[in-house]
Amino acid sequence: MSEAANPLSNPTQDPRCRVLVGVCTYNEASNIATMIERLRASLPEADLLIVDDNSPDGTAGIASDLARVDPQVRVTVREHERGLGSAIRCAMSDAIEHSYDYFLNLDGDLSHDPAQLPALLERATANSEIDVVVGSRYVTGGKIVGWPLRRRIMSRMVNSFATLCLRLPVKDCSGSMRCYRVDSLRRLNLGDWNCRGYALLEELLVLMDRRNAVMAEVPITFTERQRGQSKLTFREAARSAFQIFRLAFK
């Protein structure tokens, strides 16, 4: 059958291709409704999981209200755990448990544009050998909007260190906008992950690379958040840098 004659030739439109988008949140009440609206518009066939760390500003309540009228949206509230790393692990475990084909992740503060997710998914589904597609700020066409020079330099240094010392085959190792093949995540032992914070993003790539995973990058535009406060404190940045250093010599 020719591609034109096959209505399922595009895997992203194939109802048999099950996709989960995970968003990890803490105090994102000013962004979560817009985030869910944009995600549902960009990937209408995908399911959406909000993993909220019991935000005191009511983020989970807003998301839960939207989930009550949209069966493709679910909310998990974690009352006794905190941190981006463990929240991403929670969302990935859900994708594995419910036998999704692809898992996509992005920041919950709208610094990642949900409209860019289909490009990652299309890149992943175009080649069955690709295990993870990274939304990259540092390949041709990728951009950062709104960052001061100091933060740009710090991010470049972290990613250059990760690329060289961790020997990862991608240029953007610290960004969370990614598309994973769930079968590849299933082969990882989630209990072996050591990093709890932002460094989990690098650790994931290291663990996958050690299993000869195939990685790809597509350019994205990262925009500094407009509402709310960043969760990346100096202490968390220092902890993540130390964990990356440990990964390099483990």
- Task: Tell me, please, whether a residue that is modelled with pLDDT under 65 and either closer than 28 Å to Y100 by Cβ or surrounded by fewer than 16 Cβ atoms within 10 Å (Cβ to Cβ) (or both) can be found in the range 171-191.
- Result: no
Residue hits (the range 159-182; outside any loop (DSSP other than H, G, I, E, B), in contact (Cβ under 8 Å) with a residue 24 or more places away in the chain and not aliphatic (A, V, I, L, M)) are F161, C165, R178, C179, Y180, R181
Of those in the range 35-60 that are open to solvent by less than 40 Å² (accessible area, probe 1.4 Å) and part of a helix (DSSP H, G or I), the residue farthest from S99 (Cα to Cα) is T59
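Counting just the residues of the range 61-89 that are among the polar types (S, T, N, Q) and more than 17 Å from E28 (Cα to Cα), which one comes out surrounded by the most Cβ atoms within 10 Å (Cβ to Cβ)? Steps first, answer last, please.
Taking the range 61-89 and keeping what is among the polar types (S, T, N, Q), we get 64, 72, 76, 86.
Narrowing the set further to residues that are more than 17 Å from E28 (Cα to Cα) leaves 72, 86.
Numbers: Q72: 16, S86: 18.
So the residue we want is S86.
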When the range 201-214 is checked residue by residue, the ones that are in contact with an Asp or Glu (Cβ under 7 Å, 6 or more places away or on another chain) and either within 14 Å of L104 (Cα to Cα) or among the small types (G, A, S) (or both) are A213
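The values are calculated or read from the model by the stated rules, or taken from the named source; none is laboratory data. Keep in mind that what you see is a predicted model, and the values were worked out from it rather than measured. Positions of Cβ are backbone-derived with ideal geometry, glycine not excepted, and every protein chain shown enters the neighbour counts. Ligands, DNA and RNA are excluded from the accessible area calculation, which covers all protein heavy atoms including side chains. Shrake-Rupley method; radii C 1.70, N 1.55, O 1.52, S 1.80 Å.
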